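Here is the structure we will look at.
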Amino acid sequence: MHTCLGGARPLDELEREMPAVPGRRPGSFAVEHDGTMTGRIPLRRVTEHHCPSAVGRIDLGCLFPPHAWGHGYAREACSAALDRLDGPGEPVALATQPADTASLRLAARLGFAGAERFCAWDADQWLGLRPAPGAHR
């Protein structure tokens, strides 16, 4: 997982990212199919990022193993997470590599529009933003 976003991450980095107060994290959703965890949709407030435009925003992640790709699980799970988040009325960010065409298609279906390109993990990255509910596009 996270192949196009730098691969596995060190445990200390993940522990730094987890807030001491759970309320600071908008949510992390496990995706279940046939009684088995199939993926995870993390929503987190970005405090540091390779792309400064993402800082302060809520970031949508989408983590599924290859055997779960192409079944619509990511779209359904991301849509549900975004629907639950719509209460605060703020824009959401999503980052992926332009080479990850499946993620770019998913981002477009979810209402994200390209906002910026940046370099991280020795590769070109794409930052998409989804306007706050009710905001003009």
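The values are calculated or read from the model by the stated rules, or taken from the named source; none is laboratory data. Values in this document were obtained by computation on a predicted structure and should not be read as measured data. Quick reminder, even Gly has a Cβ in these numbers, built from the backbone with ideal geometry, and neighbours come from all protein chains shown.
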Problem set entry | Filtered residue count, the stretch 89-106, keeping only those that are in contact (Cβ under 8 Å) with a residue 12 or more places away in the chain and out of contact with any Cys (no Cβ under 9 Å at 6 or more places or on another chain) | 7
Seminar exercise, completed: Cβ pairs under 7 Å, 6+ apart or interchain, first in the stretch 40-66 and on the phi > 0 side of the Ramachandran plot, second surrounded by fewer than 18 Cβ atoms within 10 Å (Cβ to Cβ) and acidic (Asp, Glu), ordered by first then second residue, are none
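Rundown of residues vs (1) touching a Pro at 6+ places or on another chain (Cβ under 7 Å); (2) surrounded by 13 or more Cβ atoms within 10 Å (Cβ to Cβ), yes/no style:
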{"residue": "Asp59", "(1), (2)": "no, yes"}
{"residue": "Cys62", "(1), (2)": "no, yes"}
{"residue": "Pro66", "(1), (2)": "no, no"}
{"residue": "Trp69", "(1), (2)": "no, no"}
{"residue": "Ala77", "(1), (2)": "no, yes"}
{"residue": "Ala80", "(1), (2)": "no, yes"}
{"residue": "Leu85", "(1), (2)": "yes, yes"}
{"residue": "Ala93", "(1), (2)": "no, yes"}
{"residue": "Gln97", "(1), (2)": "no, yes"}
Exercise. Residues of the stretch 108-117 being surrounded by 15 or more Cβ atoms within 10 Å (Cβ to Cβ) and either more than 18 Å from Val46 (Cα to Cα) or free of Cβ contacts under 8 Å to residues at least 12 places away in the same chain (or both), which ones?
Worked result: Leu110, Gly111
Exercise. Any chance the stretch 98-115 includes a residue that's of a type outside the set (A, V, I, L, M), at pLDDT below 90 and farther than 17 Å from Asp59 by Cα?
Worked result: no
Seminar exercise, completed: Filtering the stretch 86-108 for residues that are part of a strand (DSSP E or B) and within 19 Å of Gly39 (Cα to Cα) leaves a count of 3
Exercise. Are any of the residues in the stretch 66-85 farther than 16 Å from Val31 by Cβ, out of contact with any Gly (no Cβ under 9 Å at 6 or more places or on another chain) and not in a helix (DSSP H, G or I)?
Worked result: no
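Residues checked against (1) in contact with a strand residue (DSSP E or B) (Cβ under 6 Å, 6 or more places away or on another chain); (2) modelled with pLDDT of 80 or more; (3) in a loop (DSSP other than H, G, I, E, B); (4) among the hydrophobic types (A, V, I, L, M, F, W, C):
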| residue | (1), (2), (3), (4) |
| --- | --- |
| Ala8 | no, no, yes, yes |
| Leu14 | no, no, no, yes |
| Gly23 | no, no, no, no |
| Leu43 | yes, yes, no, yes |
| Gly56 | no, yes, yes, no |
